[in-house]
Every structure is written in structure tokens, then in C-alpha cells.
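Okay, structure first, notes after.
The values are calculated or read from the model by the stated rules, or taken from the named source; none is laboratory data. None of the values given here were measured: they were computed from a predicted structure. Here Cβ is always computed from backbone atoms with ideal geometry, including for glycine, and neighbour counts include all displayed protein chains.
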């Protein structure tokens, strides 16, 4: 192991040397290419040394640490691949292909001394060996449980490495193995389905909706109708907080568990991504018409709001009043709950994104319904603010969210805030600029532990078109987004700034934004950032807009949390008990 550590240490020294280099002009790209080739050579050598080490698999105590790491960081994404209660025992019986896939995913996050200085080579070794064995078995599609589970883990590893094509391939092969073996359909039709197979199939579904719903590929699972019954969800935490007021009490509803509602939203998410794909391909629609895809997705979201039990809604869970020890002790519930909140509001915000409806894009019809545009803008403002609120609460409570897909939600919301920062409403613009920076910082922090998100927030600058203060070799994608506006202001130009449409589309696509693939923007196909946020004349034009002061930070706890006008009124969530009591009990757009 010492030789491997020395090799990896050499790579680290090489990286330090790279940062000390002064790279200028056309030589920069060539030097970076050579340095990258040398680094890859060292990494390959370290893998070879690890492959010939006398003991490649971890001892039992280290394996149990990796199991705990999986339960704490991966199982709550929500990804119900394993029964976490039995995982510490079942992992000892894993086949070689499943164990290597498990190690490939978990070792990269481990701080165990067993993998000291060799984490990356070890993870790459496990992934390569698992991949070889799994694709060999794909030639004989038996669709056995362990092979499908191993493909799920392999797909997660490829996503973590930013390898979109390999992730799609692993996912597609696994789904087709399940279909060819008829186990998916037979499990769906069984009255008492195999729980382990159900977990595996829904994990494939989650991966397909997260990463397979890209603008560049077709989903591997076309419909959830072929899926079996959903696996069990984490139990709802017993509240230790004050009881809800009597006027807000409701009859106990059927509760399928928080994970079930997260899966329902993921299904709608897949529909949303397909909708965006058609728009990107130039198939525009009049979104305000009754039969538009926009209205169909809105209808699905409305139906979801009618089935989500009151006990899971924001104000009723009292998430903002709970302390960290309680949240950590019940992470199996709270992590999927945060995911559900974020994906719900991100769907609404993206569906009403300024980029899709109010921005000026060449070739797009200018005649649009003012009342629809007003509704879309208000919804984008409302729901983007809610994602910011939920993530700020997590930060304030030090409740770490390990799911990188939540980081993608943050980057998508940041693109909406980026448009809103150019609103003619000065207060809204100030708040949006503040929230944009908060979201960018959130994604950058998450990228420290999920390196594939570095492709979302970090892009090697080959053309060297921008000025950078800290690192001249890298530019944040989100910073690059903002640069289109700041450069316009710095140049003293009066015409509205523009931004590459290709960059915006990339940031809306998880598979693309989290991989090294970067589309080159066409300057003839840019979007103009001249953003109106008021399309209907107010009743009293002289009355000021009732917005909170932009210079004030929103308090995230106690009664003051609801003082911001953004959170006061919306039809997304109405407490139905308000219709039967004297006082009004509207809740402001939250679940």
C-alpha cells in the first residue's frame, strides 16, 4: 500500500505544481493537456499497484464503516435500494460483483485509514472490475436481483464521476435486463410482490427520472404503470412540538409515507423534463391554452396537492422549529422531506421559468397573454423563494443534505433568480441577486463532497475570455452566467444584456450540467435579459407594491418568518379547514 500512497502523493504534488504555473496565451491549453495526461498516468499506475495488492477488499470493521456511510449519505436520497436495517448483515453475503459496485460508490467518501491516500485509485479499481463483470453478465440477461442492484450502484458511481454516457448505459442495460427477464412485469402483477425486487425497480425508476430524463436521451422507463407497489417509507416522526391550533386540525388521512410522495413528484419531474426537451427542440406551444402540456403538468401538480396528507406539509411538520439532534435522529424521514419540498417548488418554478415565458428570444412570437405572463412570473418568484428558504433553514440548523440532486435543484433555481435580478422592480431585483449568490455558494459547498457538481459550478476556461481574481484557470458556470450582465454594466452599455441560451439549457439538465460536456453558445441565439415582472395594470397605479424591504434578511424561525409578502398568498396550498372557520388560515405557497 505504501507504493500506492507514494504514487498518489506524486499526483498531489503535481497538482500543487500546476497551480504555481503561470500560463498565458495559447500555451495554456497545451500545458493543461500535458499535465492532465501525466496525472492520469500516475492514477493508472496507482490502480495497477492496488490491483496487485495482497488484500484489495476491506476487513469486516472497515466494511461496516462503509455500510454506515451508505446509510447516512446515500440511502436517504431517497434511494430505497437496500433495507438499511438488514444491510449490515446482508453486505457480508454480497456477491463479488455487488460488493465491488458497493465499494466503488462508498470508498470515494470514506476517511478510513485502510484507504489512506488511495481513495480515488481504489474506487476506480472497484468500479472498473465491477463494470467488466456486470457487462459480461448482460449478455445473458437473467435479471437476478444482485446484478440489478450492482448496476444501480454502478450508475451512481458513474454519475459521481461525471460520466453521463456510462451512467445512461448502466441504467439502460439494467432496465432492459429486468424487462427481458419478465421480473419487472411479474412483480408488478403479484399481489404480494418481492420487497427487495420492488426496492430495486423503484431505485432504477429514481435514477431514470433524475439522470435519464436528460434532454439528450430517452427515458429507459417510459411509464410507472409497469412498476410494482412502492417500497415502505420511513415512519413519520413523533412530534415533540406544540399541538396545532384547533382550527387547523383535520381528519386523519391515508398516508403512504414521505418517500411515496417523493416518487410521485419524480414521476412529474420526468414529464417536466420531456416538456423542456420539446421546447429546446423548437416545438413551442401556447402554454395558456387548455390542452397544452404546461396545463397538463399543472393539473398533475394540483392532483398531487390533493393527495399529500396535511401532516407532511411545511407548517405542520414544524421543520423550522426543530433542532439538529432530532433531525439527525430521524434523518430517514427528514432528508426525503427536504427533497420533496425542493422538487415540488423546483417543478413549479421551472414550469414558470422566465427563460421559457417572458425572456426575449429571437424567433419566438411576441404576442402572449399578459394575465398568463403575470401568473407565471408570480409563480416563479414564489416557488424560487421557497427553495431558498428551505435550503437556508438546513444551513442554519447545520442539517447537511447529501443528495447531489438537491444541489441541482439549487442551480436550477439560481437560473430563475438570475433573470429576476434584472427585474424592473428594484426590491425584487435586490432580493434575487442576494438569493442567486446564496444558491451559487450552496452548490459550490456541496461540490466539495460531490465532485461531479464541480462541472456545474466549475468550468476550465480554455479561451481565457474572462478576468478572474482568485484562480485564473477556472470560472464558475453560475459566475459565467452572471458575467454576461456585469460585463455589460462595466462597459456602460444601455441595451439589455444577453446570455447564451445553450448555457441556460445546460444548467437545467442534470446529466449535462454535472458532466464535463459544455455546449458552445451561439451569439445569434442569445436571450435578452430585459425582464418585466408586471404585465397587468394595478388597480391603483400610485400605490407602492407591498413587498418586504430588500435590504432586510428574512428571519427563518418564529413568527417573523411569515412576514415576507412573498410567502403570504398563493393557491398552491390552502388549509381546507379555513373554509369552515371564521378566521382565514391561508398558508403561503408551501406544502
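Residue 323: surrounded by fewer than 16 Cβ atoms within 10 Å (Cβ to Cβ) and touching a residue at least 24 places away in the same chain (Cβ under 8 Å), yes or no?
Yes, satisfied.
Would you check which residues across region 202-219 are modelled with pLDDT under 80 and either over 11 Å from residue 270 (Cα atoms) or over 21 Å from the mean Cα position of the chain (by Cα) (or both) and list them?
216, 217
Between a residue in region 415-427 that is closer than 21 Å to residue 500 by Cβ and assigned by TED's automatic domain parsing to the domain that holds residue 439 and any residue that is in a loop (DSSP other than H, G, I, E, B) and modelled with pLDDT under 85, which pairs come within a Cβ distance under 7 Å, given they are 6 or more apart or on different chains?
Close Cβ pairs satisfying both conditions: 419/359; 419/529; 422/529; 423/533.
Right, residue 459: modelled with pLDDT under 85 and within 24 Å of residue 404 (Cα to Cα) or not?
When the stated conditions are applied, residue 459 passes them.
Would you mind stating whether residue 388 is assigned to a helix (DSSP H, G or I) and farther than 20 Å from residue 295 by Cα?
Yes, satisfied.
Name the pairs: first residue in region 130-154 and under 14 Å from residue 175 (Cα atoms) and not assigned by TED's automatic domain parsing to the domain that holds residue 220, second residue part of a helix (DSSP H, G or I) and at pLDDT below 90, Cβ to Cβ under 7 Å, at least 6 apart or on different chains?
Filtered contacts from region 130-154: no entries.
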